[in-house]
Amino acid sequence: MNQKLIIYTHETYPKRGGIANYCHEFANAAASEGFSSELIGHKNTAYPEDFTRPPTYSIHRGSNRGTHNPDCIWKSRRLIQAKLLENPTAYHVFAEPGPILALGLLSKNIPANLIYLTLHGSEILKWSRQPIYRMIAERAFSRARQINTVSKPINALATAGFPRFKSKFIPVPNALPEIYRKQQMPEKPLKAGSQMCLLSVGRIDRRKGYDQVITAISKLPKNQRTSLRYTIAGAEKDKAYYDELVAQAEEAGLAFNIALNCSQQELKNHYNEADVFILTSQPRKHSIEGFGLVYLEAGSFGLPCIAYKSGGVSDAVLHEKTGLLVEEGNLAALSRTIEHFLVHPEERLRLGNANYEFSTSRSWRDVVRESLGRE
């Protein structure tokens, strides 16, 4: 009989996002590793809309709404306690902040000892600075056998914030989503005089830094600006920011498009049409980029990446190997980096080819094995 593995999360499909992707990929890969996997989510939890294969894991819908508000955490607490008591020999994976806080609120001793946590970055900033959250988080940490962090920089952040648990923190970088793993890298022929297409993928949020990309492009000479096209594929979150981006691009005379709520196939089309992937995320209001799955997605399409050296991005974009990293907020350097790829298209091919090899070199089965200490 397969060993049971239970994953707890407040962020799941149909909401798209890094943690929703993480939970689906982890549950799916765990089943491939011989586990009987169950995903404990919020009341509207679903499989990905484009997940056409028969499900390899089961879903248990809780009563919470999928937020990190106290009422949702409290509802999770009751369900988590029941699951831990019912499954003392199972592997219990707490994949994001909501369930981890719920674990820290449990008052009773629990028989389960195969408890594993995953930290993505932003929660470390919040919990380490607020005494009540620190106390609850440390109670959860004390119950864990291993605490996984999604990149080496985030592991260093966790160690600095919670040095007492240094021995439990293990960096386990993410892997390319399975939906992109089996495709062939598209050819990117260099066409003289053609536009270079820059692509960003992510929700419309100021932390993603799209305005900085447009500002950097606006610093280029006019003849270079007209040789560029910039597309953002994402979900609208901040309407005011969306309007600012449109106005900013119009003022810069930039060929610009925002494609909202793309289907998986539409997103693949955008990746195929792009020449360079660019996403300049940076910390904002205790929020930080823990890794960045989209940089690996871009790599599976043979795209080099431009990014800020922020959070855990340096584990997803290898400087001068799979892309180019720029110091946060250095718009002049960002402009020069964009110009570099525009003037040297052969560099797009060289780094894009390397990014393809890098992004496809690691699987989610690797992530599962390392996360559970089963290397």
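What to note about this one:
- You will find that of 55, 99, the residue that is part of a loop (DSSP other than H, G, I, E, B) and of a type outside the set (S, T, N, Q) is 55 and no other.
- The set of residues in the stretch 98-114 being surrounded by 22 or more Cβ atoms within 10 Å (Cβ to Cβ) and β-branched (Val, Ile, Thr) consists of 100 alone.
- Strands (runs of 3 or more DSSP E) enclosed by the stretch 103-207 - at least 2 residues per element that are out of contact with any Cys (no Cβ under 7 Å at 6 or more places or on another chain) and more than 21 Å from residue 323 (Cβ to Cβ): 115-119, 146-149, 169-171
- Every condition in (1) in contact with a Gly (Cβ under 7 Å, 6 or more places away or on another chain); (2) surrounded by fewer than 17 Cβ atoms within 10 Å (Cβ to Cβ) is met by residue 273 except one, and the failing one is (1).
- Filter pass, residue 219 being open to solvent by 50 Å² or more (accessible area, probe 1.4 Å), closer than 24 Å to residue 328 by Cβ and under 25 Å from the mean Cα position of the chain (by Cα): no
- The requirement of being without any contact (Cβ under 8 Å) to a residue 24 or more places away in the chain, surrounded by fewer than 20 Cβ atoms within 10 Å (Cβ to Cβ), among the aliphatic types (A, V, I, L, M) and within 28 Å of residue 132 (Cα to Cα) is fulfilled somewhere in the stretch 74-82, by at least one residue.
- Answer residue from the stretch 266-317, given it is β-branched (Val, Ile, Thr) and not in a strand (DSSP E or B) and is modelled with the lowest pLDDT among those: 288
- Taking every residue in the stretch 229-242 that is over 18 Å from residue 253 (Cα atoms) and pairing it with any residue that is of a type in the set (Ser, Thr, Tyr) and modelled with pLDDT of 90 or more, at least 6 positions away or on another chain, the pairs with Cβ-Cβ distances below 9 Å are 233/200; 233/271; 234/200; 234/210; 236/242; 241/210.
- Within the stretch 205-239, the residues that satisfy the criterion of being over 20 Å from residue 336 (Cα atoms) and either basic (Lys, Arg) or modelled with pLDDT under 95 (or both) are 205, 206, 207, 234, 235, 236, 237, 238, 239.
The values are calculated or read from the model by the stated rules, or taken from the named source; none is laboratory data. This structure is a prediction, so every number in the text was calculated from the model and none was measured. Because the Cβ atoms are built from the backbone with ideal geometry, glycine has one as well, and the counts that use them run over all protein chains shown. For accessibility, only protein heavy atoms count, side chains too; no ligands or nucleic acids. Shrake-Rupley method; radii C 1.70, N 1.55, O 1.52, S 1.80 Å.
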